[in-house]
Amino acid sequence: MIDFWLAAGLLLLVALSFLLIPVLRGRRAQLEEDRTALNVALYQERVAELQTQQEEGVLNAEQMDTGRAEAARELLADTEGVEVPRVSRLGKPLPLLAAILVPVLGLGLYLHFGASDKVELTREFAQAPQSMEEMTRRLERAVAAQPDSAEGLYFLGRTYMAQDRPADAAKIFERTVTLAGRQPELLGQWAQAQYFADGKKWSDKVQALTDEALKADPKEVTSLGLLGIAAFESERYQDAIDYWNRLLAQLPPDDKSRVALQGGITRAAEKLEASGGKVAQAPAAQAAALLKVQVDLAPELKAKVQPGDSVFIFARAISGPPAPLAAKRLTVADLPATVELGDADAMMPQLKLSNFPEVQLVARISRAGQPTAGEWIGRSQPLATSTTAPQKLTIDSPDK
């Protein structure tokens, strides 16, 4: 921000010069006017002295005329080159008052309507955070600057959960649902945060949220995990096994939570068999999704971008959370390029392409390196995640 304020200060000095220069010129004119008045007073004094000498008989009429002419020549020589003073209707106080009010008013208007906080955030997000606490502070400032950004709220809620702040996360997810709608993933995240905020006690509110989420999307992973916990605690072991098996089918093979989840399924099966029941066969695993995308830049934009500008390519659910499901990062210098977006590129394990029937492909150029805002963008039509044919995506529009 230092270079910004230096530039603003230089522009302010230029603006003030237009107000102060006339004032300084006025002062110089006043000094010249005062000097002229003094010369006139000296001339009048000299003429009066000559008249006195004439009356006393010291000077005759001819000498009197000669002395008066000499005094007049001296007065003319002293005042020669003095400009005629210009009379201003505005007066002297007004430019000085304007010189004070211009910077004060300009600063006030900028602080009220300006975007210095967003400029600073752009600079910060261009650099990787050094800790989770720093990332949280950045997200909180971003949400304060853009309170209507569902994406910013969603990521802040996820960050609060990672910091074991479920009560704060529940409030944030509730705001996200208000902005983005009652999408299944958001309802599941809200239910999970509410469950932990209530001290891991199941409630009617959590039950209603998970039921609504699974009614809209039977594959919503967060709700599946929570309902599995509720079923296990109420000794409905087969239901717990079914929920957890459905969740297990959504997780990547290398996901670390698979071990704990499989352990829960095993314990539920043991308790079910110990009570005389029989474990039903688990549903078949779902095939992973993989989309191939050919990304290029429109010819008319090639002169407007820089080779080092970041290019974010991601898939976003048509009916789902606002956060990207899978993403890749390139630079303008890499274009044209072909990338693959699949379950292995999931931003979070529970948000996989295969969990959603339709997605939209997006490519964004961001000079500041922000995935959520940039200068140019390209979007595709809704696309089934089961599509295998390569898709073409052209960056051709301003990012609004």
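Just want to confirm a number: the relative contact order over region 131-234, from Cα pairs under 8 angstrom separated by 6+ residues, in percent.
Working: 117 pairs, mean separation 20.5, N = 104.
With pairs under 8 Å counted, the relative contact order is 20 percent.
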(request) Lys and Arg at +1, Asp and Glu at -1: add these up for the other residues within a Cβ distance under 12 Å of LEU261 and post the number. (result) +3
(message) Largest first and in whole Å, what are the equivalent-ellipsoid semi-axes of region 242-400 based on the Cα gyration tensor, each being the root of 5 times an eigenvalue?
(response) 41, 14, 11
(message) For a quick check: with amide H placed at 1.01 Å from N, whose amide H comes under 5 Å from ALA289's, ignoring anything fewer than 5 positions away on the same chain?
(response) ASP343, SER354
(message) For a quick check: sort LEU248, LEU227 by the number of other beta carbons within 10 angstrom, fewest at the front.
(response) LEU248, LEU227
(message) Set the bar at 24 Å for Cα to Cα. Now go through LYS200/LYS271; LYS215/LYS278; LYS304/LYS392; LYS171/LYS201 and name every pair that lies beyond it.
(response) LYS215/LYS278
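Translational diffusion coefficient of region 131-234 at 10 °C, 1.306 mPa s, Stokes-Einstein with Kirkwood Rh over Cα pairs, in µm²/s as a whole number. Before the final figure, lay out the partial values.
Working: Rh = 13.8 Å.
The Stokes-Einstein estimate is 115 µm²/s.
Ranked highest first by average number of other Cβ atoms within 10 Å, how do 176-185, 162-171, 251-260 line up? Please report the intermediate quantities before stating the final value.
Numbers: 176-185: 19.1, 162-171: 17.1, 251-260: 12.1.
Result, highest mean first: 176-185, 162-171, 251-260.
In percent, how large is the relative contact order of region 219-301, given Cα pairs closer than 8 Å and 6 or more residues apart? It would help to have the intermediate numbers written out before the result.
Values: 62 pairs, mean separation 22.5, N = 83.
Once normalised by length, the contact order is 27 percent.
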(request) Please report how far the C-alpha centroid of region 180-194 lies from that of region 302-356, rounded to the nearest whole angstrom. (result) 23 Å
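We did not get these values from a lab; they are worked out from the coordinates using the rules stated. Since the model is a prediction, treat every value here as computed from it, not as a measurement. For neighbour counting, all protein chains shown are included, and Cβ atoms are generated from backbone atoms with ideal geometry for every residue, glycine included.
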